[in-house]
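The values are calculated or read from the model by the stated rules, or taken from the named source; none is laboratory data. Since the structure is predicted, the reported quantities are computational estimates derived from the model, not experimental observations. Here the Cβ positions follow ideal geometry from the backbone for every residue, glycine too, while neighbour counts run over all protein chains shown. Areas reflect the complete protein model, heavy atoms only, side chains present, ligands, DNA and RNA absent. Shrake-Rupley method; radii C 1.70, N 1.55, O 1.52, S 1.80 Å.
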Amino acid sequence: MKLGIVGLPNVGKSTLFNSLTRAGALAANYPFATIDPNVGVVNVPDERIEKLTEMNHSKKTIPAVIEFVDIAGLVKGASKGEGLGNQFLANIRECDAIIHVVRCFEDSNIVHVDGNIDAKRDIETINFELLFADMEVLDRRYQKIKKQSNMDKSLRPEVALIERLRPFLENGNMAKAFECENEDEEAIMKGYNLLTAKPTIYAANVAEDDLADDGASNAQVQAVRECAKNDGSEVFVVSAEIEQEISDLDDPEEKREFLADLGLKESGLDKLVKESYSLLGLISFLTTGEDETRAWTIKKGTKAPQAAGKIHTDFERGFICAETVSYEDLVKCGSVAAAREKGLVRTEGKDYVVQDGDVILFRFNV
């Protein structure tokens, strides 16, 4: 899973990125501190693999991972070359989803590019730049195929699609709200990799005082939630500054105590992972043994052979069956052998849809 982090300059993007990845990206109180896109890979917190590692005395533990891409702050006119953000938009076209960081805290020591805090305006600024960048992609493609379509009839459906999609975006609508007429159009749309077609999670960056009530008393957070509701996005409230402090703590117990003192049950990273998995329709299945315990990320609805293919293409090609037990049942029994004795290990075939938390041993023959 790859997530692109966007936002205006000085909204806390790089501070959040640092805290999530501990990558040490430059975070400074002036615009365009991030000049090269920062990339960091983060382990997905999952206590299930820790428990299974302990149970099976696994030599290795391999969690699922998320890759974060942090680009330079976007400003009004970025799509036309203003600031530095435009040249980095290409870096997030390959991302699965966008994390849009919105500043929802007041601090006279941290400048705002527009002079004051206004979450709704800031969101609109970024969204318009993403829209302009998408329209540029469509314009280039349209110019290329319009004349060719006179001779090549196979291009005409795409021409017609762009002629409907372009004005839709011009009216301020995000591409993800556009309704394709058939699967062919959906495939064409996917090929454009439009920024406004990507699922979005708004990260409402607040001061420490707003964390305990999840930003309920912060008017800027409410504005973010209203924007998210309108475009079908998710919101999570986070304090990038506090996340930075949490990331500096190496001891898990210290982290738990720190969060408890703040009245929080989980860190921003934990919340972000949950929101991301939910938004993208992802789940994890698990494999475990003496050699390693590992979490594998798949799309909800994936069938057993395709899940096996995540491990190795041979597993999918020669799939025989999936010996499956739920994580909860396995932990209660204490071992696969005990779970098997109780009839809790099932033999599933090619049509089985893998569930979150399934612990699976694939049988295959190539």
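Tabulated results
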item	result
Within region 231-253, considering residues that are under 18 Å from I99 (Cβ atoms) and part of a helix (DSSP H, G or I), the one most open to solvent (accessible area, probe 1.4 Å)	E241
Condition check for T347: at pLDDT 95 or above, surrounded by fewer than 15 Cβ atoms within 10 Å (Cβ to Cβ) and outside the structural domain of I66 (by the TED database)	yes
Sole residue being modelled with pLDDT under 90 and either assigned to a helix (DSSP H, G or I) or farther than 14 Å from L272 by Cα (or both), chosen from A223, A216, A212	A212
Tally, over region 145-176, of residues that are in contact (Cβ under 8 Å) with a residue 24 or more places away in the chain and either in contact with an Asp or Glu (Cβ under 7 Å, 6 or more places away or on another chain) or assigned to a loop (DSSP other than H, G, I, E, B) (or both)	6
Checklist (1) under 19 Å from I66 (Cβ atoms); (2) open to solvent by 50 Å² or more (accessible area, probe 1.4 Å) applied to S284, failing item	(2)
Filter result (among the hydroxyl-bearing types (S, T, Y) and either in contact with a Lys or Arg (Cβ under 6 Å, 6 or more places away or on another chain) or under 17 Å from K13 (Cα atoms) (or both)) within region 216-244	S239
Residue within region 132-143 that is open to solvent by less than 20 Å² (accessible area, probe 1.4 Å), free of Cβ contacts under 8 Å to residues at least 40 places away in the same chain and over 30 Å from I99 (Cα atoms) present	no
Residue within region 107-120 that is modelled with pLDDT of 90 or more, surrounded by fewer than 21 Cβ atoms within 10 Å (Cβ to Cβ) and not in a loop (DSSP other than H, G, I, E, B) present	yes
Pairs where the first residue, in region 53-65, is within 23 Å of D270 (Cβ to Cβ) and the second is exposed (fewer than 15 other Cβ atoms within 10 Å of the Cβ) and among the hydrophobic types (A, V, I, L, M, F, W, C), C-beta under 6 Å, 6+ apart	V65/V41
Among (1) at pLDDT below 85; (2) polar (S, T, N, Q); (3) over 28 Å from V221 (Cβ atoms); (4) open to solvent by less than 40 Å² (accessible area, probe 1.4 Å) - the single one S79 does not satisfy	(3)
